[in-house]
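These notes are about the structure you will find just below.
Each value in this text was obtained by applying a stated rule to the coordinates, not by laboratory testing. All of these numbers come straight from a predicted model, not from anything done at the bench. Please note: Cβ atoms are built from the backbone with ideal geometry, for glycine as well, and neighbour counts cover all protein chains shown.
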Amino acid sequence: MKNTKIAQAGYRVLEVLKELARRPLSPVEMLRYLEDTTDYVFRKEVMNKYLNTLKLLNIDIVKVNDKYCLNSSIEGITLDDTDLSIMLFLKKYVSSISHESLRNNIEESLQLMEKCFNTKTRKKANSRKIRAYKPAKPLVIRDDNVRKFEKYCSEGLKIKIGYKKDKDSSEVIYKISPVKLMYKRCQAVLIGYDSKENAYKEFVLENITYSEQTPQMTAEANPSAVLFKLKGRLAHAYVIKRGEVILEEGSDFIIVSNKGEDRELLLKRLLRYFENCEILYPKVCRERLIQLVEEMEQIYA
């Protein structure tokens, strides 16, 4: 296209549409999503223009509280009686999970899926003729372990754990400050701060062989900052994230201090910036980034 600005704006409108198909978003979340994926700075008014563009294309977007979502998908999801029966079973199953954030996340996903039903599927789901699927054996939800580590995270004491990365690995003992629980690839994961290595680490719950609390408080769970230098166009377009400050700014570079973000996630984000980003401190982060690059070379070489 001759007008590259219009072409880029059209691409960003499609990016917003793609993300709205995945989850509800507030205007601020849309801005952050675009800024994280493009490293440009946008005004809030731009989001209103993008939303109006989508509405002009007859895409049904509704606002629930402070978030926008698709009222129905572009093509619509088609489910048969068996699919709807299993989905109804899932809704009942999820309602009995005690882990609040996990339950809310799954319920939100199911609700978003229902909004994307086509007309025929929506009529079936609302007919009340569908009965929930019944498994041959009753399912037992074993989340006592999850509740135990949630308790650890809330009590502010260090814990000592035994951990095996897999069944063939040797057990390693860690003394960590438990921070939070999260779910990755359907696995419960404990995020803990290891003061010995001055870094946050992830532990799959089912691979923790034992755990016990210590009398030590977790007040020192505060890793040193990661310093990185951004160059060229990226230095001018970069949007400061929460927990970041600019320590130095030149005509063609900035030096940023990042404190508090999970280091593994930070490094994977910085990896996207290629030669325009250099980690200055600490040395362990520089070495980890080199390791990530080498792992990518092994996969794609």
So, relative contact order of the stretch 4-70 in percent, Cα under 8 Å, 6 or more apart, is 39
Low-density loop cleavage sites - trypsin sites (Lys or Arg not before Pro) in the stretch 220-301, where at most 16 other Cβ are within 10 Å (DSSP):
Lys241, Arg242, Lys259, Arg272
Helix-only mean residue ellipticity at 222 nm for the chain, each DSSP H run of n ≥ 4 adding -39500 (n - 2.57), per residue, nearest 500:
-13000 deg cm²/dmol
Rounded, prolate or oblate: which one fits the stretch 4-70, using the alpha carbon gyration tensor with axes a ≥ b ≥ c (rounded when a/c is under 1.5, else prolate when a/b beats b/c, else oblate)?
oblate
Length gain on complete extension for the stretch Arg22 to Leu157, per 0.36 nm per residue less the alpha carbon to alpha carbon distance?
44.9 nm
Length-normalised contact order of the chain, Cα under 8 Å, at least 6 apart, in percent, tallies to 11
Straight-line reach from Lys148: which lysines have Cα under 18 Å away, leaving out those fewer than 8 places along the same chain?
Lys158, Lys160, Lys175, Lys180
Within straight-line cross-link reach of Lys63, lysines at Cα separation under 20 Å, skipping those fewer than 8 residues along the same chain
Lys18, Lys44, Lys49, Lys55, Lys115
Using only the Cα atoms of the stretch 198-301, build the gyration tensor, take square roots of its eigenvalues as a ≥ b ≥ c, and label the shape rounded, prolate or oblate: rounded if a/c is under 1.5, else prolate if a/b is larger than b/c, else oblate.
oblate
In this model, which of Lys137/Lys184; Lys164/Lys184; Lys231/Lys268; Lys151/Lys259 are farther than 20 Å apart at the alpha-carbon?
Lys137/Lys184; Lys151/Lys259
